[in-house]
Amino acid sequence: MPFVSRPRRRAAAALMGAAGVAVALGLAACGVGDPRTYPNTTFAPHTEFGRDIDDLWNLLLYLGTAVFIFVETLLVITIVRFRHRPGAPRPKHVHGNTTLEILWTVIPAVVLTIIAVPTVRTIFRTQARAEPNALQVEVYGHQWWWEFRYPQYGVTTASELYMPTGRKVNFALRTADVLHSFWVPELGGKRDLISNHVNYLWWTPADSVAETAWNGTCNEYCGASHANMRFRAFVVSPAEFERWARHQAAPAFFNASAAAAPAAPAAPPARTSFGPAPAAGPALVRAVANVRGAQPGKGTAPAPGESPGGSPGGPEAMQVAAAVADTGAVFPRDRLPSYVIPAVPTPAQLKFTPGLVGDPARGQKIFSGGLCIGCHTIKGNPMAAGVIGPNLTHVGSRYTIAGSLYKNDTDHLRLWIKNARLMKPGVTMPTLGMGQVDPQTGATVTAATGGLTDQQIADIVAYLQALK
Amino acid sequence: MATLAAPAFAAPIERSDGGFLSWLGTTDHKRIGYLYLFTATGFLLWGGGEAMLMRWQLRAPNQHFLSAEQYNQLFTMHGTTMIFLVVMPLSAAFFNLLVPLQIGARDVAFPRLNAFSYWVYLLGGLFISVPIIFNAGPNGGWFGYAPLTTTTYSPGLNIDFWVAGLQILGISSLAAGFNFITTIINMRAPGMNLMRMPMFTWMAFVVQFLIVLAFPVITIALVFLLFDRFFGTNFYEIAAGADPLLWQHLFWIFGHPEVYILVLPAFGLVSEVLPTFSQKPLFGYPVMVYSGILIGFLGFGVWAHHMFAVGMGPIADTVFGVTTMLIAIPTGVKIFNWIFTMWGGSVRFTTASMFAIGLVAMFTIGGISGVMHSSPPADLQQTDTYFVVAHFHYVLFGGSLMGLFAGIYYYYPKLTGHLLDEGLGKWHFWLNLIGSNLAFFPMHFSGLLGMPRRIYTYDANQGWDTFNLLSSIGAFIVGFATLILVYNMLVNRKRGRLAGNNPWGAGTLEWSIPSPPPVYNFAEIPRVTSRYPVWDLTAPELTAAVPHTLRGDEMVTAQVGGVSAGQMSVPADRRPAAAAGAGLHAPPARVPSAEELGIPIPYTTTKPFFTALGIIVMFGGLLLTRMENKIPGWAVLALGAATLVGGLYWWLTSPLEPEHEHAGAHGAAPHHAHAH
């Protein structure tokens, strides 16, 4: 007999089993809103945008689950109840039933209307124009890293996004090359970066999430290292944000020169191509003092009586400058959750001479006289004004490098400079270590091609780390 | 207990296989269907292997089994292979095998064009698939978004293979589309009016229109890209001010109807399988027809739901969100009509019917998640994550492929004369069902928990490890299950149990003739009086009660399947007394040949093959022009063009069949109705 004997029971059992697995996964999923287990969950929104989406999602989930249970139950009942029984007469030929067919056309239509109405409302609410006093952040996608500019503060940074709680953040999204997509799942829906277009997205981080760090990703396939185009999003209190922004806007010097010239910018800060220089001095002090509810946004327009880029005012300002110079970053390093600390291993074949100690002053010389300045800007180092790679002003204050792929520590920075292309496929950053083979071209790096010894790399790393 | 024995009569016709050349030159729609079936099954293993490699990489975080470049080529080719080289050609295998049989025709309208479609598919499929072996495979995603695919960002040959390959495959689909539209409109047997056509033929009919209307759009999009890459135009060059959304709109105006091109044939197969194994006609036939047409029609108005994140503005988002929701209505109608086809029936669980029921169960999940991202704001959290990967695998694996598997188990005996092994079939079904749910259900979670698509690796501590491990285990179970299917197909191709004309007790026309059908299909073109002509003979007491399918005494004229030539038969244990008294008798020992019956059969010809080869060589030459020295490229291109033109000339000036030569000589039309 070609056909199996008791298939219906097995069919039913299997469908029940499948449903059981689904339910088990569903129960497991009850924890999906818990960021400790699922740090990138979309079930625990922390902005008004995220909550709007989550409300819609809940509606879809409940209705979808109801439809799922109804249809699958009906199916199982049908195949169990009307299974073939030996000796049973041939079934009557029924060709249709108009009432039933109208019913199962109309009921889905009603269900879909229940979904459509709040959907349309949410579309128009979430795509409204953001109010002008929102914190403006310009996001630039690059193959394969993120650049963030704060035009109201004159800050340009890479891979790490800082936002204050309680203030609307309006993102203007642009790409420098191919398409990318900007997403922080915990904060809200994504938006694509389209060449020759500007897209907008806004949200307001809830007050309850100060001192929280999240992961961001690129979600539109953008070439070789699409998977490695990550970033970190930090939500801090408004006061901490102001402190961070003012510090990032200031030129960066490594400790030696900072100590030698405590009255930092005697001349107007070096202006880069990335935006207006910030108003330093008294404005900074006021901003720091004036914590929550501060409405800077006037960063580019100094208050009457202040000279743009004027020299620091009194001792207060120096005190603040010293404080931020120590820490650089405002997010306490010991409170970084594990999921924002990269665990990506480095290539096994990539080694660095142990025991080398770098000298930042020497590093600055190598940096300023070598290939580095062709691509990187460091505000405070007039030689370094390239715009191809990430802006390295205050790079020492960041937690990650290379599109948040690796920890920003001595080991990873050294290996990165030695052979970036081995550590992240396809990158523009050239392989620089003497004797290293460039995996893209197959060429071996020599002194003639700008190769660096391990000692030179250690010096550069010391310099970069000093740029707090 | 067995419910229906395979009748051990009517030894299958042993094809005079005639070796390699006879396959190269065949114009018989059944043999072409055979070629499609086995080629597509080969590509199924190829595309499935690509999936296995990817799942091995993603089984745990931070794996480097594959490089980024290898992974990117694999995911690009997995999508391209499964869509263009597996699901569409598997559907084409059934179009070829079934459309002429179901409408009572001797072949398709243009048998040589049909062969041409197949050869273009095979050669184009190799053209696009082989480069990955040399690490030069397409790597821009199956969607090929500009500007990543322009020479600025993808200077290598990888994308060239993709652009040229898709262009080639489009020729195959378009030629087949026109062929089947002509066949279905013109070559239906007397009495086979549109509302009597079997549901599979109906869905095939809708799909051909989708192909004919959607493929020109991707052709235009690809021509733009080809010109950008080879001749320096600026359709997608962003530095020259191009708008990348041009590509996205063109691609998805093709791409969304393509989804229905992939799934409607499977729906058609399920609509054949479920009535047979419920022993009940399809519930709500007219509504099934209209919902199929409506799905096809609405399918052209929803493309921008793939683009909710690109910033089209609230009005476009609203319009495309609502049209997308609308499509759920006719789809839901189909689901309920299938369930009510079984309701009140006598459902037998064969592998074919289990796969069909599996489609109903699994496609429902894909449909529900589809509605979830028809809501644009909700989609912003879902698009380009694994949630979408889960969704369309429920649609295309749980939907298209399970329907096609049902079709394979159901129609393999018709194609080969031999039944597939049901025991192995059951193993295939259960492993497939368990494996696919294990692979694809957890993807809903990894997506909603923040995992982006198309990433070759992911970091630890992201909460994705367990779900990915489950998905990988499931994928390997599916891979193993597919091997069982292929083994079953190969082993039972000539050695399986004999099928007889109608092993399943089905009701449509194709089951009235021997398995495999003789080259001429029907000795006498049947006269059709209802939707289930065979049931009119085997169970007239049931079908007689349905007034809209029968016209009085036409019913038992025993012309169905040319019974007078001994073609018609039903299994003895299924033959009611009424039918037995209506002149049915045991089949003859052998089936008469076409010559004996005086039926003209198209010549075997390799002209379509060489014409197809010319196209491939031309595109190969075009790619060679990317070399430093352009002369070899242009030479190859010219050679290909000459082959194409020569092949076409040779083809178009030679007669299709002996009758045509006679017609030319005597100036008289042949007496057999056959398209030219």
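The values are calculated or read from the model by the stated rules, or taken from the named source; none is laboratory data. None of these values were measured; they are calculated from a predicted model. Neighbour counts are summed over all protein chains in view; Cβ atoms, including those assigned to glycine, are modelled from backbone coordinates with ideal geometry. Please note that ligands, DNA and RNA were not included when accessible areas were found on the heavy atoms of the full protein model with its side chains. Shrake-Rupley method; radii C 1.70, N 1.55, O 1.52, S 1.80 Å.
So here's what we get for this one:
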{"quantity": "Within-13-Å neighbourhood charge of A:Asp409 [Cβ basis; K, R +1; D, E -1]", "calculated": "+3"}
{"quantity": "Accessible area buried, both sides summed, chains A and B with 1.4 Å probe, Å²", "calculated": "9700"}
{"quantity": "Net charge of neighbours whose Cβ lies under 9 Å from the Cβ of B:Tyr411, counting Lys and Arg as +1 and Asp and Glu as -1", "calculated": "-1"}
{"quantity": "Protein accessible area in the stretch A:347-466, 1.4 Å probe - carbon and sulfur %", "calculated": "63"}
{"quantity": "Rh by Kirkwood over Cα pairs, then Stokes-Einstein D for the stretch A:347-466 at 1.567 mPa s and 4 °C, µm²/s", "calculated": "91"}
{"quantity": "Inter-label distance, nm, simple model (7 Å from Cα along the C-beta direction), B:Leu246/A:Arg125", "calculated": "3.9"}
{"quantity": "B:Asn135 paired with B:Ser22, simple spin-label distance in nm, labels 7 Å along Cα-to-beta-carbon", "calculated": "4.6"}
{"quantity": "Cut-off 14 Å between beta-carbons: net charge of the residues surrounding A:Phe148, Lys and Arg +1, Asp and Glu -1", "calculated": "+2"}
{"quantity": "Hydrodynamic radius of the stretch B:609-665 per Kirkwood, over alpha carbon pairs, in Å", "calculated": "12.5"}
{"quantity": "Selected from B:Met618, B:Leu449, B:Thr182, residue furthest toward positive end of dipole (chain B; charges at beta carbon)", "calculated": "B:Thr182"}
{"quantity": "Spin-label model distance (nm) - A:Leu336 vs B:Val645, 7 Å beyond Cα toward Cβ", "calculated": "6.7"}
{"quantity": "Theoretical gain in end-to-end length, B:Ala60 to B:Glu596 [0.36 nm per residue, Cα-Cα removed]", "calculated": "186.4 nm"}
{"quantity": "Dipole magnitude (debye, nearest 20) for the stretch B:58-495, charges at Cβ of Lys, Arg, Asp, Glu", "calculated": "1480"}
{"quantity": "Excluding exposed DSSP-loop GluC sites (Glu not before Pro) (at most 13 other C-beta within 10 Å), longest clean stretch of chain B", "calculated": "B:15-627"}
{"quantity": "Whether the stretch A:96-179 is rounded, prolate or oblate, judged on the alpha carbon gyration tensor where a/c under 1.5 counts as rounded", "calculated": "prolate"}
{"quantity": "Largest-first principal axis extents, alpha carbons of the stretch B:150-300, Å", "calculated": "62, 25, 22"}
{"quantity": "Convex hull of the stretch A:374-421 built on C-alpha atoms - directionally averaged projected area, nm²", "calculated": "3.5"}
{"quantity": "Calculated FRET efficiency for the pair A:Ile114/A:Ala176, C-beta based, R₀ 41 Å, to 0.05", "calculated": "0.45"}
{"quantity": "Value at 222 nm in deg cm²/dmol, rounded to 500, when DSSP H runs of n ≥ 4 in chain B each add -39,500 (n - 2.57)", "calculated": "-20000 deg cm²/dmol"}
{"quantity": "Partner lysines for A:Lys365 [C-alpha distance under 21 Å; skip if fewer than 8 residues away on the same chain]", "calculated": "A:Lys379, A:Lys418, A:Lys468"}
{"quantity": "Cβ-Cβ FRET estimate between B:Asn186 and A:Ile77, R0 fixed at 30 Å, reported to 0.05", "calculated": "0.10"}
{"quantity": "Shape of the stretch B:42-151, Cα gyration tensor, a/c cut at 1.5", "calculated": "prolate"}
{"quantity": "Chain B: translational diffusion in µm²/s, Stokes-Einstein, Kirkwood Rh over Cα pairs, 25 °C, 0.890 mPa s", "calculated": "94"}
{"quantity": "Three-way shape call for the stretch A:23-131 based on the alpha-carbon gyration tensor, with the a/c threshold at 1.5", "calculated": "oblate"}
{"quantity": "Exercise: per-residue mean of other protein chain Cβ atoms within 10 Å, A:384-395", "calculated": "0"}
{"quantity": "Within the stretch A:26-105, trypsin sites (Lys or Arg not before Pro) in DSSP loop having at most 14 other beta-carbon neighbours inside 10 Å", "calculated": "A:Arg36, A:Lys92"}
{"quantity": "Separation of alpha-carbon centers, the stretch A:410-468 and the stretch A:141-218, rounded to whole Å", "calculated": "29"}
{"quantity": "Chain B, accessible surface, carbon-and-sulfur percent (1.4 angstrom probe)", "calculated": "70"}
{"quantity": "Residue among B:Thr364, B:Gly407, B:Trp338 farthest towards the positive dipole end of the stretch B:297-456, charges placed on Cβ", "calculated": "B:Gly407"}
{"quantity": "Residue mean of other protein chain beta carbons inside 10 Å, A:66-74", "calculated": "4"}
{"quantity": "Shielding of B:312-324 by partner chains, average beta-carbon count, 10 Å", "calculated": "3"}
